[in-house]
1. Please work out if K218 is among the basic types (K, R), more than 24 Å from V89 (Cα to Cα) and in a strand (DSSP E or B).
2. In region 42-101, how many residues are aliphatic (A, V, I, L, M), part of a helix (DSSP H, G or I) and out of contact with any helix residue (DSSP H, G or I) (no Cβ under 7 Å at 6 or more places or on another chain)?
3. Please enumerate the residues belonging to region 190-205 that are open to solvent by less than 40 Å² (accessible area, probe 1.4 Å) and either out of contact with any Pro (no Cβ under 8 Å at 6 or more places or on another chain) or modelled with pLDDT under 95 (or both).
4. Return yes when G94 is open to solvent by less than 20 Å² (accessible area, probe 1.4 Å), at pLDDT 95 or above and either at negative phi or away from the ligand (no atom under 16 Å from the Cβ) (or both) and no when it is not.
5. In region 134-155, how many residues are part of a loop (DSSP other than H, G, I, E, B), in contact (Cβ under 8 Å) with a residue 60 or more places away in the chain and away from the ligand (no atom under 13 Å from the Cβ)?
6. Scan A124, A120 and give me the residue that is under 14 Å from F65 (Cα atoms), out of contact with any Lys or Arg (no Cβ under 6 Å at 6 or more places or on another chain) and open to solvent by less than 70 Å² (accessible area, probe 1.4 Å).
7. If you go through region 161-184, how many residues are within 13 Å of the ligand (Cβ to nearest atom) and assigned to a helix (DSSP H, G or I)?
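The values are calculated or read from the model by the stated rules, or taken from the named source; none is laboratory data. Only a predicted model underlies this, so the values are computations on that prediction, with no experimental measurement involved. When we count neighbours, we look across all protein chains shown, and the Cβ atoms used for this are built from the backbone with ideal geometry, even at glycine. These area figures cover heavy atoms from the full protein model, side chains too; ligands, DNA and RNA do not enter into them. Shrake-Rupley method; radii C 1.70, N 1.55, O 1.52, S 1.80 Å.
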Amino acid sequence: MTEVVIVDDSEQAGALVAGAMVRLITEKADAVFGLATGSAPLPVYTALAERVSRERIDVSRVRGFALDEYVGLDVAQPQSYRSVVVREVVEPVGFDPRRVHVPNGALDTIQGEGERYEKAITEAGGIDLQLLGIGTNGHIGFNEPSSSFASLTRMKTLSRQTREDNARFFDSPDDVPMHCITQGLGTILRARHLVLLAFGEGKASAIARAVEGPLTAKIPASAVQLHPRATVIVDEAAASQLTDVEYYRYAWDNKLEWEKI
Ligand code: GLP
């Protein structure tokens, strides 16, 4: 089943996931992380940066693959996911930027970029831990509703809802690119461990449908139910529409230490 962990706040979630990442790096110096943008993973990056600096953890061999990127947006723009990943993850944590990959959204090479990105992930030995946020319409990465559960990295058209949700990062809603390139649901399902984070009331419906609803392409995040090791970390507000909360808490409280994320 999907492991659901209900935390007090995003800071606690950040500490929990950063702990799992540090453990991985200790076991495997060139661990491969799947990196998500958006607000939900930020507390993870903050906690990880703090631990890396305080405990002088060597992250020079760690590798990363971002989930997605806008198509046709200059990577030098602050809204490009390449810029976001450098600013919010690579620089604060101290990863080697040459080892952190973001799909290339340049229009002139977009055909074939999906295959190149898949090949790079495969050659890296696959993703050990994939971080995920969730859109209000249930998307993960930029896999909008109707995405195939078998999809691999490819170009997609962003939904109106997602463009509206992301308009806050741009001067005007019309500036939000129409297209993106994203790891597919099939790509995400190949990662060895999925960690989906969601905070706040606005994500409650998407979380309930993803975790407890039927498997459906209408809610791309419901794909996590197919994964043998998926952890969903939510605060009380994002958990507010789940029906089995009591069981999730009970299961977490009775887990053996090594079983926990
Ligand atoms: C974007 C990203 C997703 C992210 C989503 C939600 O659409 N492509 O990876 O999960 O935003 O972001 P937030 O966590 O800021 O709500």
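1. Numbers: among the basic types (K, R): yes; more than 24 Å from V89 (Cα to Cα): yes; in a strand (DSSP E or B): no.
Criteria not met by K218.
2. First, the residues of region 42-101 that are aliphatic (A, V, I, L, M): 42, 44, 47-49, 52, 57, 59, 62, 66-67, 71, 73, 75-76, 84-86, 89-90, 93, 100.
From the residues that got through so far, the ones that are part of a helix (DSSP H, G or I) too are 42, 44, 47-49, 52, 84-86, 89-90, 93.
Narrowing further to those that are out of contact with any helix residue (DSSP H, G or I) (no Cβ under 7 Å at 6 or more places or on another chain): 84-85.
Residues flagged as aliphatic (A, V, I, L, M), part of a helix (DSSP H, G or I) and out of contact with any helix residue (DSSP H, G or I) (no Cβ under 7 Å at 6 or more places or on another chain) within region 42-101 amount to 2.
3. Pass one, region 190-205, residues open to solvent by less than 40 Å² (accessible area, probe 1.4 Å): 191, 193-198, 200, 204.
A191, H193, L194, V195, L196, A198, G200, A204 - these are the residues of region 190-205 that are open to solvent by less than 40 Å² (accessible area, probe 1.4 Å) and either out of contact with any Pro (no Cβ under 8 Å at 6 or more places or on another chain) or modelled with pLDDT under 95 (or both).
4. Numbers: open to solvent by less than 20 Å² (accessible area, probe 1.4 Å): no; at pLDDT 95 or above: yes; either at negative phi or away from the ligand (no atom under 16 Å from the Cβ) (or both): yes.
No: the conditions fail for G94.
5. Here is the first cut: in region 134-155, the residues part of a loop (DSSP other than H, G, I, E, B) are 134-139, 141-142, 144-153.
Cutting the leftovers down to in contact (Cβ under 8 Å) with a residue 60 or more places away in the chain gives us 134-139, 141-142, 144-149.
Still in the running and away from the ligand (no atom under 13 Å from the Cβ): 146, 148-149.
Summing the residues that are part of a loop (DSSP other than H, G, I, E, B), in contact (Cβ under 8 Å) with a residue 60 or more places away in the chain and away from the ligand (no atom under 13 Å from the Cβ) in region 134-155 gives 3.
6. On the way: A124 fails: out of contact with any Lys or Arg (no Cβ under 6 Å at 6 or more places or on another chain).
Checking each option against the conditions leaves just A120.
7. 9
Residues checked against (1) touching a residue at least 12 places away in the same chain (Cβ under 8 Å); (2) outside any loop (DSSP other than H, G, I, E, B); (3) small (G, A, S); (4) farther than 15 Å from G34 by Cα:
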{"residue": "V234", "(1), (2), (3), (4)": "yes, yes, no, yes"}
{"residue": "A239", "(1), (2), (3), (4)": "yes, no, yes, yes"}
{"residue": "L242", "(1), (2), (3), (4)": "yes, no, no, yes"}
{"residue": "K255", "(1), (2), (3), (4)": "no, no, no, yes"}
